[in-house]
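The values are calculated or read from the model by the stated rules, or taken from the named source; none is laboratory data. Being a predicted model, the structure only gives us computed values, none of them experimental. Don't worry about glycine lacking a Cβ; one is built from the backbone with ideal geometry, like all the others, and counts go over all protein chains shown. Heads up: the accessible areas ignore ligands, DNA and RNA and are worked out on the full protein's heavy atoms, side chains in. Shrake-Rupley method; radii C 1.70, N 1.55, O 1.52, S 1.80 Å.
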Amino acid sequence: EKGPQVETGQGRLSSYDLIKLLSIVEEKCFFKIFWRQYMKTIFLAMAKYNGNVNAEIAGLLSGMPAEKLAVKSKAYYPTIMDAVLHVFLSDIGMFRRFKATFPESKALSLPLLTADTVLLKKEFEDGLEKYFQYRKEIDGMINQFVGELDDEALVRDFKYVNYKGEAVETIVWK
């Protein structure tokens with residue numbers, strides 16, 4: 001067993017097993033049969049895993065002095081806080097993209113998805129309390145959104161512009 005475990009409702013899977021399972025699904029031609037039975041379960045497990053990892057990270061951050069969060073390194077994101085904010089803001093950015101494809105989604109009506117990201121970053125300068133609150137809200141929204149998905153939703157066309165400004169066309173499950 002590799003990595004943290006996630007209860008899927010049909011047993012426990014590690015993140016390694018989830019990724020392996022998705023690659024098998026993509027390689028095989030039986031996806032239409034398989035996804036009806038398992039794809040939503042996989043997405044639910046991934047959403048739960050995401051929330052669990054974010055809770056673990058929040059636990060680590062809560063005991064860390066502010067000076068340590070701001071220590072510069074030679075990593076792509078020079079501070080711990082820069083890396084944490086990147087993940088947080090990337091989640092917001094990705095789910096903003098889903099709004100056009102899922103206008104009926106109650107989960108995607110979360111006010112954080114329309115918040116100005118520059119102002120959000122400023123809120124975290126005085127401490128992590130708001131970050132912890134917003135992180136829980138985003139993770140709850142992700143779980144709610146995945147819970148709203150049905151067979152039809154998983155095969156919807158999904159069009160968005162990536163961070164490079166390139167148009168992307170795919171289907172939701174991919």
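So the values come out like this:
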item: Test set (1) under 25 Å from residue 168 (Cβ atoms); (2) at pLDDT 90 or above - residue 32 fails condition number; result: (2)
item: Residue in the stretch 137-166 that is modelled with the lowest pLDDT, counting only those that are farther than 17 Å from residue 107 by Cβ and β-branched (Val, Ile, Thr); result: 155
item: Residues satisfying the stated conditions in the stretch 33-87, i.e. open to solvent by 50 Å² or more (accessible area, probe 1.4 Å), among the small types (Gly, Ala, Ser) and over 20 Å from residue 123 (Cα atoms); result: 73, 75
item: Residue in the stretch 114-121 that is in a helix (DSSP H, G or I), of a type in the set (Val, Ile, Thr) and open to solvent by 50 Å² or more (accessible area, probe 1.4 Å) present; result: yes
item: Residue 134 vs. criteria under 30 Å from residue 68 (Cβ atoms), at pLDDT below 95 and among the aromatic types (Phe, Trp, Tyr); result: no
item: Qualifying residue in the stretch 124-136 (condition: farther than 22 Å from residue 44 by Cα, in a loop (DSSP other than H, G, I, E, B) and either under 18 Å from the mean Cα position of the chain (by Cα) or among the polar types (S, T, N, Q) (or both)); result: no
